[in-house]
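The values are calculated or read from the model by the stated rules, or taken from the named source; none is laboratory data. Predicted model only: the values in this text are computed from it and were never measured. Cβ coordinates were reconstructed from backbone atoms using ideal geometry, including for glycine residues, and neighbour counts include every protein chain displayed.
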Amino acid sequence: MEMMRGARKIVEECAGVKAGEDVVISTDANKMRVAEALAAAALSAGGIPTIVAIPPSVQGVHGAQPPAPVVAACREADVFLMPTTWSQTHTDARIEAMKNGARGSTLCEVTEDCLCVGGILADFEECDRLGRRLGARLSEAAEMRIRTPRGTDVRGEGAGRPVQYETGLFREPGRFAALPDSEINISPVEGTAEGRAVIDVRIMQVGVTRAEPVTLIIEEGEVRKIEGGAAAERFRQILEGLEDRAAYNLAEFGVGLNPACREYATNLEDLGRLGHFHLGIGSSYAIGGKVRAPSHIDAIGRDAVIEFDGELVYDRGAITI
């Protein structure tokens, strides 16, 4: 019952589900209670919910492809929702659904309390307005640069790449979100990202890095070195275990927009928190890039200072344009 407030907000306000629409909920055994709450909300809005569930071990890493029947179910949906252990954002399930005119949201690593407190309580209309302001400027920029007080200084070229608006609203065909995250992002042109990123919030699949930040050295569009303690070693092992150089691709620059997101609470709230940045590592084909990797793993930092073509646009969460 406590989850229904957030579930209904997702279905009614964010997705705008209409009577008779097919709502496919792709989930796994770890997230069934969340999936059931979303299905109940869809039913109450007049939608027709279908839950498609797999064991979480089938994917095993963020961005790994789900089975073909999951892709097919999402493709036939009007609305897709993905409360999963492993992210299905950068997979054919989302891409094929959107190509077919569906709209939807992933909710990877979502916890039951994410439907009750924190980022889900945001004013997503306001988040969308912030994102549109930043995105309009980013779409015209040749270069994006991210700096932080702890030593991050990374840049990349985004000219010609589409801005992805994952602001929390997805009411029209082909729109997408990653609730309770709210962000915009862009995939830098392959080979152009350079610099040093101090990851002091979280790395997906590794965990919180607040006490022991991980430093990524990025050269010619790839993560070339991973420096730090146990968390760095864990991340290094994950990427090495994939046995694919594409897994090191610097795939995404992302900017958080949601002031209601809790810090260090959940992955998607850390991604979307106002003042945070993230770098996606691995697949970029789902967000306008050219690389198809066996994974897509986000690395998140705080206190971001962001410039587009040398113009300050974002100062630790303050939008300056």
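Listing for the model above:
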read-out: Whichever residue in region 195-219 is out of contact with any strand residue (DSSP E or B) (no Cβ under 7 Å at 6 or more places or on another chain) and over 21 Å from Thr85 (Cβ atoms) and, among such residues, is surrounded by the fewest Cβ atoms within 10 Å (Cβ to Cβ); value: Ala211
read-out: Count of region 271-305 residues which are assigned to a strand (DSSP E or B), under 27 Å from Met98 (Cβ atoms) and not acidic (Asp, Glu); value: 11
read-out: Helices (runs of 4 or more DSSP H) wholly inside region 3-98 containing at least 1 residues that are modelled with pLDDT of 95 or more, touching a strand residue (DSSP E or B) at 6+ places or on another chain (Cβ under 9 Å) and buried (at least 20 other Cβ atoms within 10 Å of the Cβ); value: 32-44, 68-75
read-out: Residue in region 259-270 that is in a loop (DSSP other than H, G, I, E, B), aliphatic (A, V, I, L, M) and more than 17 Å from Val198 (Cα to Cα) present; value: yes
read-out: Test: residue in region 112-122 that is more than 17 Å from Cys14 (Cα to Cα), within 20 Å of the chain's Cα centre (by Cα) and either not assigned by TED's automatic domain parsing to the domain that holds Thr209 or not hydroxyl-bearing (Ser, Thr, Tyr) (or both); value: yes
read-out: Yes/no for Gly60 being over 18 Å from Gly101 (Cα atoms) and touching a Leu at 6+ places or on another chain (Cβ under 6 Å); value: no
read-out: Qualifying positions in region 99-123 - hydroxyl-bearing (Ser, Thr, Tyr) and surrounded by fewer than 24 Cβ atoms within 10 Å (Cβ to Cβ); value: Thr111
read-out: From the options Leu216, Leu130, Leu134, residue that is in a strand (DSSP E or B), at negative phi and not acidic (Asp, Glu); value: Leu216
read-out: Yes/no for Gly195 being at pLDDT 95 or above and at positive phi; value: yes
read-out: Residue pairs meeting the criteria (Cβ under 6 Å; at least 6 apart or on separate chains; first within 14 Å of Glu143 (Cβ to Cβ), in region 309-321; second assigned to a loop (DSSP other than H, G, I, E, B)); value: Asp309/Ala141; Asp309/Ala142; Leu312/Thr320; Val313/Thr320; Val313/Ile321
read-out: Top-ranked residue of region 253-268 - restricted to ones that are buried (at least 19 other Cβ atoms within 10 Å of the Cβ) and more than 18 Å from Thr209 (Cβ to Cβ), ranked as farthest from the chain's Cα centre (by Cα); value: Ala260
read-out: Test result for Gly168, closer than 30 Å to Cys74 by Cβ, modelled with pLDDT under 95 and in a loop (DSSP other than H, G, I, E, B); value: no
read-out: Cβ-Cβ under 6 Å pairs, at least 6 apart or on other chains, region 51-74 side farther than 27 Å from Ala251 by Cα and among the β-branched types (Val, Ile, Thr), far side assigned to a helix (DSSP H, G or I) and at pLDDT 95 or above; value: Ile51/Ala35; Ile51/Ala39; Val52/Val70; Val52/Ala73
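Conditions (1) in the same structural domain as Lys290 (by TED's automatic domain parsing); (2) under 21 Å from Ala15 (Cα atoms), marked per residue:
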residue: Met82; (1), (2): no, yes
residue: Thr85; (1), (2): no, no
residue: Gln88; (1), (2): no, yes
residue: Asp92; (1), (2): no, yes
residue: Gly101; (1), (2): no, yes
residue: Val110; (1), (2): no, yes
residue: Leu130; (1), (2): yes, yes
residue: Ala136; (1), (2): yes, no
residue: Gly151; (1), (2): yes, no
